[in-house]
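Note sheet for the following structure.
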Amino acid sequence: MTFDKTVTMEGGAGTITVEKPQRIEIGSAVLASQVSDPTAVSLISVGGSCINSVTAEVMGLTYPACGEASGLAEGEGLIKLYESGDKVAIVVAGWEAEDTTRATRVLADFKTYQEAGQLVGSEVKVTGTSATEFTVTPVSKTE
């Protein structure tokens, strides 16, 4: 992947700036069953905690964590940044597969949502009733 302009992303782990042009090497795509220790690497885990053991572990849940045990509401998707030492994990998950699909669409088009002020902080919820009609809401944490 090559960026043709400067990109700055902010999250719980700090700010990352990628200057143009710079090639970013993409690691390998693997199945959850091929990940021995999710805290040993930075990763993006896609799929709910009911079907993805890596997602469950990163979220601090016992696999499989389905329905209410997932911590999500029905019809809800999630994009959340988790920190583990100097490693980070982004979880893209949902109550059901369609909810995960909506969240992946937001992440795939992150620049649009970031510019709209919707993709900020370390966690956003994605809700909707179809694959193309949804709402993105940043989650505010009260300290």
Picked from the range 86-96 (must be in contact (Cβ under 8 Å) with a residue 12 or more places away in the chain and more than 11 Å from the chain's Cα centre (by Cα)), the residue nearest to Glu68 (Cα to Cα) is Trp95
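Name the residues in the range 107-138 that are of a type outside the set (Asp, Glu) and under 17 Å from Ala89 (Cα atoms), would you? Quick ask: steps written out before the conclusion?
Initial filter on the range 107-138 (of a type outside the set (Asp, Glu)): 107-108, 110-114, 116-122, 124-132, 134-138.
Once the filter is applied, which keeps residues that are of a type outside the set (Asp, Glu) and under 17 Å from Ala89 (Cα atoms), the range 107-138 yields Leu107, Ala108, Phe110, Leu119, Val120, Gly121, Ser122, Val124, Lys125.
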Please verify whether Gly128 is in contact with a helix residue (DSSP H, G or I) (Cβ under 6 Å, 6 or more places away or on another chain), closer than 21 Å to Val58 by Cβ and not basic (Lys, Arg), treating the condition exactly as stated. no
Among the residues of the range 86-95, the number that are at pLDDT 95 or above and open to solvent by 50 Å² or more (accessible area, probe 1.4 Å) is 1
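Per-residue answers, yes or no, for (1) of a type in the set (Lys, Arg); (2) part of a loop (DSSP other than H, G, I, E, B); (3) surrounded by 10 or more Cβ atoms within 10 Å (Cβ to Cβ):
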| position | (1), (2), (3) |
| --- | --- |
| Thr101 | no, no, yes |
| Leu107 | no, no, yes |
| Tyr113 | no, no, yes |
| Val120 | no, yes, yes |
| Val124 | no, no, yes |
| Thr127 | no, no, yes |
| Ser130 | no, yes, no |
By residue number, the members of the range 50-75 that are in contact with a Phe, Trp or Tyr (Cβ under 7 Å, 6 or more places away or on another chain), in a loop (DSSP other than H, G, I, E, B), in contact (Cβ under 8 Å) with a residue 24 or more places away in the chain and not hydrophobic (A, V, I, L, M, F, W, C) are Gly75
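Please go through the range 76-99 and pick out each residue that is acidic (Asp, Glu) and not in a strand (DSSP E or B).
Let us first name the residues in the range 76-99 that are acidic (Asp, Glu), namely 76, 83, 86, 96, 98-99.
Scanning the range 76-99 gives Asp86, Glu96, Glu98, Asp99.
The values are calculated or read from the model by the stated rules, or taken from the named source; none is laboratory data. If you're wondering where the values come from, they're calculated on a predicted model, not measured in any experiment. Using ideal geometry, Cβ is built from the backbone for each residue, glycine included, and neighbour counts are taken over all protein chains shown. Each accessible area value is taken on the protein alone, full model and side chains, heavy atoms only, with ligands, DNA and RNA left out. Shrake-Rupley method; radii C 1.70, N 1.55, O 1.52, S 1.80 Å.
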